[in-house]
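Working notes for the structure below.
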Amino acid sequence: MSITVNGLDELKKLAGSDLGTSEWIEVTQERIDTFADATGDHQWIHVDPEKAKEGPFGAPIAHGYLTLSLFIPLFTELLDVQGVTTKVNYGLNKVRFPSPVKVGSRIRLAAKLAEVEEVPGGVQITVDGAIEIEGGTKPAAVLQSLSRFYA
């Protein structure tokens, strides 16, 4: 369920809040292949299902950066900031990929709004996130994301 805030003042009040979890999404072979085409990364462990069956994970796995790229659509399910003119990704402080995402797995985001700090013309938020794998013991990705919102 999404939390909606209107403007930077309401966003500031959420600092330290748990944002909950997004819905589950399936990571399909089609999504992996499309990402491979977009990035030019056609390593067999991602795009060759037959060879990947014999590999270390027993199936094709998503690119780590594909998993990371899904942070934004999953995050937008958790927090909707209205009453601002611009929303931009500012970067990442930390990213780790503790567990691979096998094709057909479902993932979701669990996130906390760790910090909201003022920057010229707006605010910068720091989000601590974990992209979880359904039924998994370790997350697919653990990250700290920075975004900026301008009035």
Residue-by-residue Karplus 3J(HN,Hα) for the range 74-91, coefficients 6.51, -1.76, 1.60, Hz, glycine and proline x: 5, 5, 5, 6, 8, 9, 10, 9, 9, x, 10, 8, 9, 10, 9, 6, 9, x
Of Glu115, Glu134, Glu54, which is the most mobile in a GNM of the chain whose springs link Cα atoms less than 10 angstrom apart? Glu54
Quote the convex hull volume per residue of the chain, based on C-alpha atoms, as a whole number of Å³. 110
Whose amide H sits under 5 Å from the amide H of Ile3, counting only residues 5 or more places off or on another chain, with H placed in the peptide plane? Leu79, Asp80
Springs between alpha-carbon atoms under 10 Å, Gaussian network over the chain: tell me which of Asp41, Asp128, Asp33 tops the mean-square fluctuations. Asp41
Relative contact order for the range 91-139 using alpha-carbon pairs under 8 Å, separation at least 6, rounded to a whole percent? 38
For the range 57-62, in order, what is each residue's ³J(HN,Hα) by Karplus, 6.51 cos²θ - 1.76 cosθ + 1.60 with θ = phi - 60°, in whole Hz (x at glycine and Pro)? 10, x, 6, x, 10, 5
Keeping the other protein chains in place, figure out the carbon and sulfur percent of the accessible area of the chain, with a 1.4 Å probe. 49
Using only the alpha-carbon atoms, how far is helix 29-39 inclined from the longest principal axis of the chain? Give it as 0 to 90 degrees, nearest 10. 70
Long-range amide H partners of Val101 with built H, under 5 Å: Ala62
Only helices counted: for the chain, with every DSSP H run of 4 or more residues adding -39500 (n - 2.57) and the sum spread over all residues, [θ] at 222 nm is -5500 deg cm²/dmol
Calculate, in nm to one decimal, what Ser2 and Tyr65 gain on full extension: separation in residues at 0.36 nm each, minus their alpha carbon distance. 20.2 nm
So what are the ³J(HN,Hα) numbers for the range 7-20, from phi and the Karplus equation (6.51, -1.76, 1.60; θ = phi - 60°), rounded to whole Hz, Gly and Pro as x? x, 5, 5, 5, 5, 4, 5, 8, 3, x, 7, 6, 8, x
What are the residues whose amide H is under 5 Å from the amide H of Ser17, where those residues sit 5 or more places off or on another chain and H is modelled from the backbone? Leu113
Could you name the lysines whose alpha carbon sits less than 29 Å from that of Lys87, not counting residues in the same chain fewer than 8 places away? Lys12, Lys13, Lys112
Neighbour cut-off at most 15 other Cβ (10 Å), DSSP loop, chymotrypsin sites (Phe, Trp or Tyr not before Pro), the range 49-120: Phe57
Pick from Leu19, Leu92, Leu74: which residue has the top mean-square fluctuation in a GNM of the chain where Cα pairs under 10 Å get a spring? Leu92
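How much length would be gained if the chain were fully extended between Val88 and Glu117, taking 0.36 nm per residue of separation minus their Cα-Cα distance, in nm to one decimal?
Using 0.36 nm per residue and subtracting the Cα-Cα distance, I get 9.0 nm.
Accessible area per residue, 1.4 Å probe, Å², for the chain: what's the number?
53
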Extension length gain for Thr28 and Lys12 (0.36 nm per residue less Cα distance), in nm, is 2.1 nm
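The values are calculated or read from the model by the stated rules, or taken from the named source; none is laboratory data. Quick caveat, the model's predicted, so the values are computed rather than measured. Here Cβ is always computed from backbone atoms with ideal geometry, including for glycine, and neighbour counts include all displayed protein chains. Accessible surface is based on the protein model in full, side chains and every heavy atom, while ligands, DNA and RNA are left aside. Shrake-Rupley method; radii C 1.70, N 1.55, O 1.52, S 1.80 Å.
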